[in-house]
1. Where residues in segment A:27-48 are surrounded by fewer than 19 Cβ atoms within 10 Å (Cβ to Cβ) and under 20 Å from the mean Cα position of the chain (by Cα), which of them is modelled with the highest pLDDT?
2. Looking at A:Leu145, A:Leu101, A:Leu150, A:Leu155 in this structure, which one is assigned by TED's automatic domain parsing to the domain that holds A:Val181, modelled with pLDDT of 75 or more and within 25 Å of A:Gly183 (Cβ to Cβ)?
3. Report, ordered by the first and then the second residue, all pairs with beta carbons closer than 7 Å, sequence separation of six or more or different chains, a first member in segment A:152-165 that is surrounded by fewer than 20 Cβ atoms within 10 Å (Cβ to Cβ), and a second member that is in a loop (DSSP other than H, G, I, E, B).
4. Among residues belonging to segment A:38-86 that are within 7 Å of chain B (Cβ to nearest Cβ) and of a type in the set (Gly, Ala, Ser), point out the one that is nearest to A:Lys147 (Cα to Cα).
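The values are calculated or read from the model by the stated rules, or taken from the named source; none is laboratory data. Owing to the predicted nature of the structure, the values given are computational and were not obtained by experimental measurement. No Cβ is skipped: glycine too gets one built from the backbone with ideal geometry, and neighbour counts run over all protein chains shown.
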Amino acid sequence: MAASAESVTRSATALCSGTTLPYAPAMGHTPEDSALMLRYKDGDVAAFETLYRRHNDPLYRYLLRLCRHRDTAEDIFQDVWGKIVKSRASYRPTAKFTTFLYRVAHNCFIDHVRRNKRHAGNTELDAELHSHPGEQPDTLTERSLAKERLSRALLDLPDEQRDAFLLREEAGLSLDEIAAVTGSNRETAKSRLRYAVNKLRVAIDEQTERP
Amino acid sequence: MSNERKNRENDPLVADTYTALAQERAPDRLNKRVLRMAAREARTPYSRARAWMRPAAWAATIGLSLAIVLELTRLPQPEQDAVSMDAFTPKDMAVLREADERARAQSGAKQVPATPSLTPRSDALVAPDEEVSAGRVNADPSVPARSEKVDQDRAGGLSSRRPAAEPVLGTASLAATAEKKAAESGFTCTETARESAESWMACIKQLRKNGQQDLADSEYGEFQRIFPNFADIDADK
């Protein structure tokens, strides 16, 4: 109930600001997602394409910021969709498709971290995300600065907290769903999300107050 | 405190800033690769099989059901006459006999002089229609050749009979069938043997002589019911 209320508030905020939530297509379309997946299970490729177009960008951003490395994110992205495609025969719409998708993505990321210990400290994305080609630092607006500070703070977050924050922002998952995806309980998910949001807020405020 | 915590879990400034920040899109080459993979997987033999597997399974089920139903309808049905005749009591037998006699009287047919048969089984199985077809009804009783021929036919038992002629004569046929069933269930004296008390008694005595005591007793019970005043010292021995 609280989660749906938050979603409504967030959607309203997005409409007022003229921005589009990255996970908006997935919200409230869970039955269609499941139906599309079931149609793909029966061989309807067009249904899968519709499903893919709904979720590809949020999932890509989720993995991009979770991995902090573009090539790795792309590899995992492909791996995730490959697993979704292969699991269609056994797919049962027992939960939201979004939860299912991000659970697969989360597990792929964990597998990747376990396989590749060098993941820690690999922050190739830092320079890429923070560069503003053709824009001098003194011309950056306050909003651009806030975005940059947020981006840095996000990459500095512990993996679990960043994961929880990205699941909320990109996938639009509730606390229960975040807990289900990350394999933790609701309180743990809530605590991680709160810490993440607090750190990011502090980072934005600090940079705003500094000048 | 709870509101403060709730706000901290969902900070609008953080959310808006992140939304403004996160504008990356999945590369087209990646999209093409994934969609190509999905299309390739959807064309696997398993998926192609799925398209016709379900209708085929339904068709097979329906076909099998129809085949079973057809097979059941082709099974030989139990003889209706046998079921009904088994339920006849001696009283019913008497009624049937009377009806048979009435039918014969109406048709004006001459009856063959009653001669007690000493071969109960073969005589009991003869239907009136056979008598007609053998020429006994309208034929002169003084002509023994035909009568002997019929007797030979009777002695042939069930195998020499013509089953197609049986249902033609209505009540008479029903009586004949009743006779047949009666013979199977113990009443072995023929209709002709039962026409007179003497011939019937002779038949009963013959049964006793042959050692068929049970059949003779049941015949004698029936005999006493039809001819209560007839006295024969040896019959109930």
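1. A:Thr30
2. It is A:Leu155.
3. Filtered contacts from segment A:152-165: A:Leu155/A:Arg68; A:Leu155/A:Thr123.
4. In this case the residue turns out to be A:Gly82.
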